[in-house]
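What follows is a set of notes on a single structure, which appears directly below.
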Amino acid sequence: MIRILGAFLAVLFTVCAMYLSAIGAGMTFRAFFDLISFFICFGIPYGCALAAYGKAIPDLKGMELMNKLFMPVAWLGTLIGWVMMLYSMSMGTSEIENMYARLSLYTAITTITLLYGLILKVIFTTLIASKK
């Protein structure tokens, strides 16, 4: 029961922090959700664990491998986003104000993969520690 309460509190405080940050920035909570970033941050480590150990539901070794891969893959997703951001910056109008707005928006979107990678790293580190 204590573990469930601890997990609930961790999720609650994370969601509250994200919600209050979004409200403070004048955005909605939906600004933190990006399906492509989730696919990159979870799908690639899961696929690597599946390829390495051949189990659809990862065991402790698979979870440890995924845990090692979350942050490097999150950086990979961020770099992919930055490459696309820079490509799209050259294909627009030459208005400086528009470029600054696009740059800040795209930078925010590309760093969501880092946020997801870090959240998954914390979750899996906790899961691995609870299984040992």
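No lab work stands behind these numbers, since they all come straight from the coordinates. This one's a predicted model, so the numbers in the text were calculated from it and none came from an experiment. Virtual Cβ from ideal backbone geometry, glycine too; neighbours counted across all protein chains shown.
Helix content alone sets the calculated 222 nm mean residue ellipticity of the chain: runs of n ≥ 4 DSSP H residues at -39500 (n - 2.57) each, divided across all residues, give -26000 deg cm²/dmol.
Placing unit charges on the Cβ atoms of the charged side chains and taking the dipole of the chain about its Cα centre, the candidate lying farthest along the positive direction among 13, 87, 39 is 13. Taking Cβ atoms as reference points and 10 Å as the exclusive limit, the residues near residue 60 contribute a net charge of +1, counting Lys and Arg as +1 and Asp and Glu as -1. Each label point was placed 7 Å from the Cα along the Cα-to-Cβ direction; for residue 118 and residue 20 their separation is 1.6 nm.
Direction-averaged shadow area of the convex hull around the Cα atoms of the chain, nm²? Before the final figure, lay out the partial values.
Details: hull surface 38.8 nm².
With every direction weighted equally, the projected area is 9.7 nm².
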